[in-house]
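**Student:** One structure, pasted below without further comment.
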Amino acid sequence: MSIPLEDNFSDIVGKAQRGLKLSDGDLAARAGLPVDALERLRAGHFDPADARVLAQALGLNPRALVEIGQNAYAPAAIGPFEGLAQFNTVFDDITVNAYLLWDPTTRDAAAFDTGSDCTPIIEHLHSHGLTLRFIFLTHTHGDHIFDLDRLRSHTGAPAFVSSREPIDGAESIEAGREFSLGFLRAGTRLTWGHSRGGITYVVSGLRRPVAVVGDALFAGSMGGGMVSYEDALRSNREQIFSLPGDTIICPGHGPMTSLAEEKEHNPFFATRP
């Protein structure tokens, strides 16, 4: 099943505008556009020239933003990949992702978030002969950890969360800690700004590196900088965009992607004009 992008043109503009704390009047003045031009763009009357000017005013990549506005970008599908599975559940009408990664040799597995229902994770563990060793939480927003207690109870696996977002039922850890999962290694990087304690888990030892990023980064967008827009941008650049280009990106919403594609197509981070 093809998963659509989490954010459209208006979503991206709105996140940047809120992050920069710009009113419509402020943004229009900065872009040199009438306010009604902003309203037309939001209403779906897409104008590439206005979109490019708006992108520059918001510090976004104009080419990449126009691609999104023209529905011209979707990441290449991540085909069957041994050691990685994505699960999609619905929480208050929002589709949220959770993941399993495992060592194909030892069958030791780790879950990353739970979504609204951990049943598909449990079924996959059983059908593939996997043993859950860890539950890693990218952050503590309710849609990502809703079924944590049931997953812990069913599997007996310990859960881990950033010390900046402690919750009952999970051990608090500092970013930088590493875990062994069979012959795989899982490192932790602080990618905060959307939430105070967002963690990206970087798993090595499979055919390609895998980064489970939670809501720090989406295909073609990023999580809203609800705590700090500036730090969300900075920590993503430092901690995610420093990874190899073939890294598979596993976001909390929307389709999986690769770091190389996001460097080229994500309006918040693309650099090519």
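Laboratory data are not the source of any read-out in this text; all were calculated from the coordinates shown. These numbers come from a predicted model, not from an experiment. As a convention, Cβ positions derive from the backbone with ideal geometry for all residues, glycine included, and neighbour counts pool all protein chains shown.
**Student:** Which of the GluC sites (Glu not before Pro) across region 1-90 are loop residues per DSSP, with 15 or fewer other Cβ within 10 Å?
**Tutor:** Listed in order of number, the matching sites are GLU82.
**Student:** Please report the antiparallel percentage of the DSSP beta bridges confined to the chain, to the nearest 5.
**Tutor:** 65
**Student:** Return the loop-located trypsin sites (Lys or Arg not before Pro) in region 89-192 (DSSP other than H, G, I, E, B) with at most 12 other Cβ atoms within 10 Å of their own Cβ; answer none if there are none.
**Tutor:** ARG177
**Student:** Dipole magnitude of region 133-202 about its Cα centre, charges +1 at Lys/Arg Cβ and -1 at Asp/Glu Cβ only, in debye to the nearest 20?
**Tutor:** Here region 133-202 has a charge dipole of around 220 debye.
**Student:** Return THR140, THR191 ranked ascending by Cβ neighbour count within 10 Å, so the fewest neighbours appear first.
**Tutor:** Fewest-to-most ranking of THR140, THR191: THR140, THR191.
**Student:** Which cross-chain or sequence-distant (5 or more) residues have an amide H under 5 Å from the amide H of GLY214, H modelled 1.01 Å from N in plane?
**Tutor:** It is GLY252, by chain and number.
**Student:** In region 98-238, what percentage of the DSSP-assigned beta bridges are antiparallel, given to the nearest 5?
**Tutor:** 65
**Student:** Now for a separate question. Can you tell me the length gained on complete extension of the stretch SER172 to HIS126, counting 0.36 nm per residue apart and subtracting the Cα distance?
**Tutor:** Values: separation 46, 0.36 × 46 = 16.56 nm, distance 2.80 nm.
Here the answer is 13.8 nm.
**Student:** Within a Cβ distance under 13 Å of HIS45, other residues only, what is the Lys/Arg minus Asp/Glu net charge?
**Tutor:** Net charge in that neighbourhood comes out at -2.
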